[in-house]
Amino acid sequence: YDVRDERVLKAERQKDLFYLNRKEDRKQYFKIIETLGEKEAPISLNMFQELKYNKHEEYERLLREQRTISRINSMAWSDEFKQRVKDIYYGFRKEGHEFTAHGCERFIKHEARGEYSKEEVLAVLSKDFNYKQASDDRPVKYYNDIQVVYLDDGVEVLNIIKRKTGWKLKGRLNEYSE
């Protein structure tokens with residue numbers, strides 16, 4: 001029995017995992033490149049595997065990004081509008097916020113109507129959850145008449161709605177509790 005440093009054993013197991021899964025990981029990696037483009041995808045297969053096996057949160061974020069961009073690409077929108085939606089997605093992500101394709105599209109629609117600005121939305125996004133939708137329990141941030149609805153995971157913005165002043169919360173939003 002060879003007594004080795006635990007770090008060495010862990011590194012060896014990790015290399016085995018990388019090797020054993022390389023074929024499937026390669027397929028997944030190239031699918032991500034196909035969807036996101038080389039500019040947004042991880043630099044190499046090795047880097048992708050590092051994310052997948054050692055940096056779970058970053059890997060999950062990459063999968064959400066792939067899902068969102070794939071959804072945008074599949075929409076029956078003009079190429080120009082698809083690019084606008086992607087710009088909104090990456091603009092908010094740069095600020096630390098993730099949106100679904102629908103969330104981006106809704107932002108563009110309501111911003112164009114003058115219902116709110118990016119700065120107003122960022123101010124709401126920086127606050128804590130304070131409600132849940134009564135209909136489906138999705139987490140909500142509702143401040144200054146702007147309602148930001150998240151997917152159940154509380155990570156991705158699903159919708160942004162500008163409510164009229166005096167809008168009745170009762171029966172629509174419940175107090176937030178984790």
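Could we say that V140 is in contact with a Leu (Cβ under 7 Å, 6 or more places away or on another chain) and either β-branched (V, I, T) or at pLDDT below 95 (or both) here? Break it down into steps so the answer makes sense when it comes.
Numbers: in contact with a Leu (Cβ under 7 Å, 6 or more places away or on another chain): yes; either β-branched (V, I, T) or at pLDDT below 95 (or both): yes.
Yes: the conditions hold for V140.
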query: List the pairs whose first member sits in region 161-178 and is in contact (Cβ under 8 Å) with a residue 40 or more places away in the chain and farther than 24 Å from K118 by Cβ, whose second member is assigned to a loop (DSSP other than H, G, I, E, B) and small (G, A, S), and whose Cβ atoms are under 7 Å apart, counting only residues at least 6 apart or on separate chains?
result: N174/A134
query: How do the pairs read when you match residues in region 104-119 that are more than 22 Å from L151 (Cβ to Cβ) with residues anywhere that are aromatic (F, W, Y) and surrounded by 16 or more Cβ atoms within 10 Å (Cβ to Cβ), using Cβ under 8 Å and keeping only pairs 6 or more apart or on different chains?
result: none
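Open to solvent by less than 60 Å² (accessible area, probe 1.4 Å) and over 19 Å from the mean Cα position of the chain (by Cα) - does that describe any residue in region 52-70? Step through it out loud before you land on a result.
Within region 52-70, the first condition is being open to solvent by less than 60 Å² (accessible area, probe 1.4 Å), and the residues that meet it are 52-53, 59, 62-66, 68-70.
Next, from what is left, pick out any that are over 19 Å from the mean Cα position of the chain (by Cα): 53.
Within region 52-70 (the criterion being open to solvent by less than 60 Å² (accessible area, probe 1.4 Å) and over 19 Å from the mean Cα position of the chain (by Cα)), the answer is yes, since at least one residue qualifies.
Taking F92, is it surrounded by 18 or more Cβ atoms within 10 Å (Cβ to Cβ) and assigned to a helix (DSSP H, G or I)?
Yes.
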- prompt: Are any residues in region 71-89 in a helix (DSSP H, G or I) and open to solvent by 70 Å² or more (accessible area, probe 1.4 Å), and if so, which ones?
  reply: R71, S74, D79, E80, Q83, R84, D87
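Based on this model, can you work out whether D25 counts as at pLDDT 95 or above, in a helix (DSSP H, G or I) and either out of contact with any helix residue (DSSP H, G or I) (no Cβ under 8 Å at 6 or more places or on another chain) or among the acidic types (D, E) (or both)?
No.
The values are calculated or read from the model by the stated rules, or taken from the named source; none is laboratory data. As the structure is a computational prediction, the values presented were derived from the model and not from experiment. No Cβ is skipped: glycine too gets one built from the backbone with ideal geometry, and neighbour counts run over all protein chains shown. Each accessible area value is taken on the protein alone, full model and side chains, heavy atoms only, with ligands, DNA and RNA left out. Shrake-Rupley method; radii C 1.70, N 1.55, O 1.52, S 1.80 Å.
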